Amino acid sequence: MLFNTKSFSLYLQNLITTYKPHVNPNFTHTHQIKLISSLKVVWRKDQKLDQAIENDKQYKLCARVVKEVLNEPGQVIPLRYLEKRRERLSLNVKVRTFLNRYPGLFYTYYDRIKPKSDAVLFLRPSDRLRDFLEEERKIYDNNEELLVAKLCKLLMMSKDKVLSVDKLVHVKREFGFPNDFLVKLVPRYPNYFKLVGCPGEGQSFLELESWNPDFAKSVIQLRAEEEAKLTGIPVRPNFNEEMREWVRDWLELDYISPYEDVSNLDQSSQEMEKRTVAVFHELLSLSIFKRIPVPILGKFSDEYRFSNAFSSAFTRHSGIFYLSLKGGIKTAMLREAYRHSELIDRDPLLEIKERFVELLEKGKHEWTEQLRLQREEVKKDMEKMALRSEDEEEKLDELMYDEQM
């Protein structure tokens, strides 16, 4: 067991057995549905949160290109092959231009694709990139307990405590899982995980083997406990949201942990809405950037009991979430994790991004310095040409004067 808080097991058990949904007697079930499930709220643009996505645009582009090369056999690829994949990678400049802008990522060299073919330009990871990959491995090792807890939490929130391996692989970057988490991390914890089927060969699933009550605390619950410790007064877990008139009664409902069994709740009830918001809040809190594209969340609709119109909850509860449309993709963001466009709720695994950005910045600095030197050389050449032209004009004037004499 990674964490040991024995008292929480009794607390969680008591929470589940004593939970009774609060129902406002002034509201009928039909009225509840109208207020929550069918409520239409006007979407409002938040430029600062949109900027947070824009700020990571170059980082994500470079990460995609690096991943593309590292996934190749031998981690090498002909430049012209990578050039053909530009559209899929959303790379809007030629590969040569990209390499010039970020010279610290790859080395280029000539080799033959086939024994008798002409030599062509290849790419392979630079020594700097390999050093970064070693740092990345160490950061993953140092945060292994966090990774295990995250993976357990994702399984514990699902209705059957089982998730598709294909879906988990698809979201590994969102939650910070390493590429090899299924073959290295999962087998080391047979007390928590059971892999059913073979990944990549038909359907395979990851099952939760044992329930750790220490992992069944949501961020909302932990926050309430911490506040209670500081004030000495019991604090009721709840969301930080504006007390608008229509949401007041909804906020008065008891908080429903995303780790509770809610199979008895009506999908369109206020209680189910509260639980769904709790799941969204927890998923975004577990993610590296505290934001997840809505299409990715939609892949888990069945496992986490989301309704078909689940994305409308992000605009209904705009005090908790922001739905960004940046880049033509809907992205759900956790407002409380940001101050303006800066992420303040920082996941320990963000250190990987910071190290990678340092690598990019170093290469970009070299590129700009090289451009500056080239401009200076061109300027010097132009000045020399100008001086030469002046000398030639003076000599021509002297000859013309001599002829006149």
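The values are calculated or read from the model by the stated rules, or taken from the named source; none is laboratory data. From a predicted model like this one, the values you see are computed outputs, not experimental measurements. Here the Cβ is made from the backbone with ideal geometry for all residues, glycine too, and neighbour counts use every protein chain on show.
Can you tell me which residues in region 164-181 are in contact with a strand residue (DSSP E or B) (Cβ under 7 Å, 6 or more places away or on another chain) and not hydroxyl-bearing (Ser, Thr, Tyr)?
Once the filter is applied, which keeps residues that are in contact with a strand residue (DSSP E or B) (Cβ under 7 Å, 6 or more places away or on another chain) and not hydroxyl-bearing (Ser, Thr, Tyr), region 164-181 yields Val165, Leu168, Glu174.
In region 114-142, which residues are farther than 25 Å from Val65 by Cβ and either within 20 Å of the chain's Cα centre (by Cα) or in contact (Cβ under 8 Å) with a residue 60 or more places away in the chain (or both)?
Correct list: Asp141, Asn142.
Of the residues Pro237, Pro258, which is at pLDDT 95 or above, touching a helix residue (DSSP H, G or I) at 6+ places or on another chain (Cβ under 8 Å) and in a loop (DSSP other than H, G, I, E, B)?
Answer to the check: Pro258.
Just for region 316-334: of the residues that are surrounded by fewer than 18 Cβ atoms within 10 Å (Cβ to Cβ) and outside any loop (DSSP other than H, G, I, E, B), which one is farthest from the chain's Cα centre (by Cα)?
Filtering first and then ranking leaves Gly328.
Would you check if Arg173 is surrounded by 13 or more Cβ atoms within 10 Å (Cβ to Cβ) and over 26 Å from Arg291 (Cβ atoms)?
On the way: surrounded by 13 or more Cβ atoms within 10 Å (Cβ to Cβ): yes; over 26 Å from Arg291 (Cβ atoms): no.
In short, no.
Considering Gln221, Gln203, which residue is under 26 Å from the mean Cα position of the chain (by Cα) and exposed (fewer than 15 other Cβ atoms within 10 Å of the Cβ)?
Numbers: Gln221 fails: exposed (fewer than 15 other Cβ atoms within 10 Å of the Cβ).
Every option except Gln203 fails the conditions.
Hand me the list of strands (runs of 3 or more DSSP E) wholly inside region 141-232 holding 3 or more residues that are touching a Phe, Trp or Tyr at 6+ places or on another chain (Cβ under 8 Å). Break it down stepwise before answering.
On the way: elements: 162-164, 193-196, 205-208.
Because the criterion is at least 3 residues that are touching a Phe, Trp or Tyr at 6+ places or on another chain (Cβ under 8 Å), the strands (runs of 3 or more DSSP E) in region 141-232 that meet it are 162-164, 205-208.
Kindly indicate whether any position in region 96-107 is among the aliphatic types (A, V, I, L, M) and more than 17 Å from Phe356 (Cβ to Cβ).
Within region 96-107 (the criterion being among the aliphatic types (A, V, I, L, M) and more than 17 Å from Phe356 (Cβ to Cβ)), the answer is no, since none of the residues qualifies.
Of all residues in region 326-363, which are in contact with a helix residue (DSSP H, G or I) (Cβ under 6 Å, 6 or more places away or on another chain) and polar (S, T, N, Q)?
Ser341
Specify the residue that is surrounded by the most Cβ atoms within 10 Å (Cβ to Cβ); the eligible residues are those in region 253-280 that are polar (S, T, N, Q) and touching a residue at least 40 places away in the same chain (Cβ under 8 Å).
So the residue we want is Gln270.
Kindly indicate which of Glu54, Glu87 is modelled with pLDDT under 95 and loosely packed, with under 12 Cβ neighbours inside 10 Å. Working first, answer last.
On the way: Glu54 fails: loosely packed, with under 12 Cβ neighbours inside 10 Å.
The match here is Glu87.
Which of (1) under 22 Å from the mean Cα position of the chain (by Cα); (2) surrounded by fewer than 19 Cβ atoms within 10 Å (Cβ to Cβ); (3) closer than 30 Å to Thr315 by Cα does Glu226 not meet, given it meets every other one?
That leaves (1) as the condition not met.
What's the total number of residues in region 75-105 that are in a helix (DSSP H, G or I), of a type in the set (Val, Ile, Thr) and within 18 Å of Leu129 (Cα to Cα)?
1
For Thr5, only one of the following conditions fails: (1) in contact with a helix residue (DSSP H, G or I) (Cβ under 7 Å, 6 or more places away or on another chain); (2) at pLDDT 80 or above; (3) loosely packed, with under 12 Cβ neighbours inside 10 Å. What is its number?
Only one criterion is unmet by Thr5, namely (2).
Tell me, please, whether a residue that is under 26 Å from Ser307 (Cβ atoms) and either modelled with pLDDT of 95 or more or in the same structural domain as Tyr255 (by TED's automatic domain parsing) (or both) can be found in region 181-191.
So far as region 181-191 goes, no, none of its residues is under 26 Å from Ser307 (Cβ atoms) and either modelled with pLDDT of 95 or more or in the same structural domain as Tyr255 (by TED's automatic domain parsing) (or both).
Can you confirm whether Ser204 is among the polar types (S, T, N, Q), in the same structural domain as Arg305 (by TED's automatic domain parsing) and in contact with a helix residue (DSSP H, G or I) (Cβ under 6 Å, 6 or more places away or on another chain)?
yes
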